[in-house]
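Okay, structure first, notes after.
The values are calculated or read from the model by the stated rules, or taken from the named source; none is laboratory data. All figures in this text were calculated on a predicted structure; none of them were measured in a lab. With ideal geometry, Cβ positions are generated from the backbone for all residues, glycine too; neighbour counts draw on all protein chains shown.
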Amino acid sequence: MRVVHPQILTAWRLDDGEAVYRGAGGWVRALEDATPFTGIEAAKAALEAAEADVAARVIVGPYLFDAAVERGVIRPLSARELIRAKGPTVRLDLGKQAAHLPARG
Amino acid sequence: MPPISISTRAPGAFEDVADDAPLPVAGAVIVSARRLAAERDGVFARNDAVGVVLESHESPMQLPPEDLQRLSLVVLMFPKFRDGRGFSWARMLRTRLGFRGEIRARGHFLRDQIFFMARCGIDSLEGDLRITAEAVSDALATFTHVYQPAADGRRSVVLARHG
Amino acid sequence: MYRYDEFDARMVRERVAEFSGQVARRLAGELSEDEFKPLRLMNGLYLQLHAYMLRVAIPYGTLSSRQMRRLADIARRYDRGYGHFTTRQNIQFNWPKLADVPAILDALAEVEMHAIQTSGNCIRNVTADHFAGAAADEVEDPRILSEIIRQWSTFHPEFSFLPRKFKIAVTGSPQDRAAIRVHDIGIACIRNAAGEAGYQVFAGGGQGRTPMLAHCVGDFVSRDDILAFLEAVMRVYNEEGRRDNMYKARIKILVHQLGADEMRRRVEAEFAEIKAQGALHLPHAEYQRILSYFAPPPFADLPAVSATEGAARARDGAFAAFVAQNIFPHKVPGYASVSISLKPIGGIPGDADAAQMDAVAEIAARYSFDEIRVTHEQNLVLPHVRRDDLYAVWQALSAAGLATANIGLVTDIIACPGLDYCDLANARSISIAQDISTRFADPARQRDLGELKIKISGCINACGHHHVGHIGILGVDKKGVEHYQISLGGSAAEDASLGEIVGPAVTADSVADAIETIVDVYRAHRTGGERLLDTYRRVGAQPFKERLHAAHQH
């Protein structure tokens, strides 16, 4: 039987290309604030609903990816989404992981 | 949607006729290349203008020259805007084959391709494009100068530089 | 170097206006992403993992100090303070906002730069030898033809919607420093038996999923005819290249499918027609006009050997090492070309921060007639430096962290941005480069290993040129875990060859060990000053495969 992992709905913000995730009531920047979908139907419905935000020029390119959710902590199952959720592994001062750092001149 | 002109030529009024449908008694018609090849005498016997539609993989070089001479319109299909074969077909029709009739692009294309289409000798567009005459006019004015010859007779800057 | 005339300047301004209009329409909802995407790609704007990425063209890798300073300004003002130099001699900015891109393009246009056709299914930046105009073995400065091609291919109405992207490279020397055999069209400047200058044209090279070396389709094409000939190749490709499958749409697939002879026949037939019509005959006056922009700078009359340099080398071992590794001989006595390594030990290959770009601009203005080159190996070059000034240049580079003496050595690694940045990637490449670089950091060891070109790609698209690495490394995804396939024996030079895979893919933490194993085998077998590439060609893959297999078991 094929395992169905919890799904995270993600996209990119149109204005600056930052990765965003579907959370309660909107698009959030931090993966930890995303709302995992546990059923395939719910995930697909959310993906379709996201087209409205594409048309509204909020986001582009929505898609779903697999994650594990353990004690409320979301962990993507692919290297790609792990990196996308944080930022370049070779520049810890850039991307989401650096959100707490002051912006560079 | 009626065809829109992107040149100085007004688009002609033609009726598309499917391969298995009878030709109408009167009026300008557009037939497929296959039908033209199979029924050319019948098609040209009518005293009205004839157009042919070429799929994007069909080269106008394959049309018999005597047929091309009698055609008033060649419709070039653009199944996707990414399929840029029509630009070559139009340019070859206009230059190498000396076709003087109307060249029409039909299918899917972007407003931003209009400048290039006009340069390649395309006269009119027909498709799902939401476009106004003003937008066409803007598109045709995108660039004042051109770097290379095409089918529009415009002098390239290479020549302009040296008189 | 080339300067825009009123025609060029207007063309770029109008393009910026066109794209600004397209951005406005996108943001106002008049263009969907599907409609906007091909337009933004033709202006070099990608959407990557974390942000947009803007690829700015540096035609044939040549830029002035003023232009480099502008790139530094853009990095500071609109980006995160750095840029990445690529294997096609361009620069990439990784964090622009969409709404800022028109302003960035305006800033670029002010210094005669642009992002035109750096992506999309059109003719891309024409790349050339980074020692153009300086190399002693040069038959003709490849940038003259490169500029002619740049203009002819810009906003080409017939060839802007090709089956796939199209890359052209030109070498001016018999030693190919432009990798022409792995380009869609590769051109060598040559002389025929009568001593006349002309071009040998190759077509159908490329890397990616199905790497192939280009075949000669034109043995000798005259200057007058070269544009007509290139137009013939493009037309055959545009008309007959595959449109049904984007992985089989490059011209290399067409050449492979037709066979080189048939391809040549079709090109020649088309060329005959174009030539007969005459419109693409290149006027001699235009060739001369462009040639004049590449006239040599006012070189001083100097002795071949510099006493200043000699004294500095004797005194300063680090400077001596720099000269031994990073200096390329110049055709004019008393001058040299200086390679600036963007591969600091453990650093990110090809990246430079704004301060470093400014430093390079300053040094070039003072010591290199204002001219800088970008190489397809992600380094920079100061093409014309007096040997008397080498020590001062080295000191200035050292102060900016740009004096790593490793050009062509094992730590001079090419790496694409990979999974740290790129939406297409399967695995990280930069971190692998850093591991290898750190492992092999010892300068004496590096010198002992000699010329060793490692090239790393994070996916099959091969932007890191791994197929033509002496050691090639390809990142693959095995069940969500990054793995690396290693190949040996590739070369991008005139002895072009494609690498051969030498074992099953290994995990990230095993790559540096695998390189050590390969290097051990090389050292065990090498004779007479051979490079690793030469040893591999002589002894074959077997010794390497055996040792890698044995090492992997542990």
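Quick notes on this structure:
- Applying the criterion of being in contact with a Leu (Cβ under 8 Å, 6 or more places away or on another chain) and not in a strand (DSSP E or B) to the residues of segment B:16-35, the residue that is farthest from B:L73 (Cα to Cα) is B:V17.
- Qualifying residue in segment B:152-159 (condition: touching a residue at least 24 places away in the same chain (Cβ under 8 Å), of a type outside the set (D, E, K, R), out of contact with any Lys or Arg (no Cβ under 7 Å at 6 or more places or on another chain) and within 26 Å of C:E273 (Cβ to Cβ)): no
Quick grid of which residues meet (1) part of a loop (DSSP other than H, G, I, E, B); (2) small (G, A, S); (3) in contact (Cβ under 8 Å) with a residue 60 or more places away in the chain:
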{"site": "C:P96", "(1), (2), (3)": "yes, no, no"}
{"site": "C:A103", "(1), (2), (3)": "no, yes, no"}
{"site": "C:D106", "(1), (2), (3)": "no, no, yes"}
{"site": "C:G120", "(1), (2), (3)": "yes, yes, yes"}
{"site": "C:R150", "(1), (2), (3)": "no, no, yes"}
{"site": "C:S160", "(1), (2), (3)": "yes, yes, yes"}
{"site": "C:A178", "(1), (2), (3)": "yes, yes, yes"}
{"site": "C:G186", "(1), (2), (3)": "no, yes, no"}
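- Only one of the numbered conditions (1) within 10 Å of chain C (Cβ to nearest Cβ); (2) of a type in the set (V, I, T); (3) within 12 Å of the chain's Cα centre (by Cα) is violated by B:I103, and that is (1).
- Residues that are within 14 Å of chain A (Cβ to nearest Cβ) and farther than 23 Å from C:Q22 by Cα were ranked within segment C:51-76; the one that is surrounded by the most Cβ atoms within 10 Å (Cβ to Cβ) is C:A75.
- C:L230 fulfils the conditions (1) under 26 Å from C:L145 (Cβ atoms); (2) in contact with an Asp or Glu (Cβ under 9 Å, 6 or more places away or on another chain) except for a single criterion, (2).
- Of C:A427, C:A405, all but one fail to be at negative phi and in contact with a Leu (Cβ under 9 Å, 6 or more places away or on another chain); the exception is C:A427.
- In segment C:116-143, the residue that is surrounded by the most Cβ atoms within 10 Å (Cβ to Cβ) out of those that are under 28 Å from B:S88 (Cβ atoms) and over 16 Å from the mean Cα position of the chain (by Cα) is C:I116.
- Any hit, segment C:402-413, residues being within 14 Å of another protein chain (Cβ to nearest Cβ), at pLDDT 95 or above and either assigned to a loop (DSSP other than H, G, I, E, B) or touching a strand residue (DSSP E or B) at 6+ places or on another chain (Cβ under 6 Å) (or both): yes
- Sub-6 Å Cβ pairs linking a first residue in segment C:335-355 that is farther than 15 Å from C:N94 by Cα to a second residue that is crowded, with 24+ Cβ neighbours inside 10 Å and acidic (D, E), at least 6 apart or interchain, are C:K343/C:D412, ordered by first then second residue.
- A count restricted to segment B:1-16 and to residues that are surrounded by fewer than 18 Cβ atoms within 10 Å (Cβ to Cβ) and among the hydrophobic types (A, V, I, L, M, F, W, C) stands at 3.
- Selection status of C:E262, farther than 25 Å from C:A492 by Cα and within 14 Å of another protein chain (Cβ to nearest Cβ): no
- Index of the failed condition, C:N238 passing every other in (1) assigned to a loop (DSSP other than H, G, I, E, B); (2) touching a residue at least 40 places away in the same chain (Cβ under 8 Å): (1)
- Of the numbered criteria (1) within 26 Å of B:A133 (Cβ to Cβ); (2) part of a helix (DSSP H, G or I), the one B:E66 fails is (1).
- Verdict on C:V111 being away from chain A (no Cβ under 14 Å), in contact with a strand residue (DSSP E or B) (Cβ under 7 Å, 6 or more places away or on another chain), hydrophobic (A, V, I, L, M, F, W, C) and surrounded by fewer than 22 Cβ atoms within 10 Å (Cβ to Cβ): no
- Residues that are among the basic types (K, R) and either free of Cβ contacts under 8 Å to residues at least 40 places away in the same chain or within 11 Å of chain B (Cβ to nearest Cβ) (or both), drawn from segment C:122-148: none
- Among the conditions (1) at pLDDT 95 or above; (2) in contact with a Leu (Cβ under 7 Å, 6 or more places away or on another chain); (3) within 13 Å of chain B (Cβ to nearest Cβ), the only one that C:L282 does not satisfy is (1).
- Whichever residue in segment B:111-128 is more than 18 Å from B:T144 (Cα to Cα) and buried (at least 21 other Cβ atoms within 10 Å of the Cβ) and, among such residues, is farthest from the other protein chains (Cβ to nearest Cβ): B:S124
- Among residues of segment C:162-176, those that are in a loop (DSSP other than H, G, I, E, B) and within 14 Å of chain B (Cβ to nearest Cβ), counted: 4
- Counting the residues of segment C:41-89 that are among the charged types (D, E, K, R) and touching a strand residue (DSSP E or B) at 6+ places or on another chain (Cβ under 8 Å) gives 3.
- Residue match in segment C:466-474 (condition: among the small types (G, A, S) and within 14 Å of chain A (Cβ to nearest Cβ)): no
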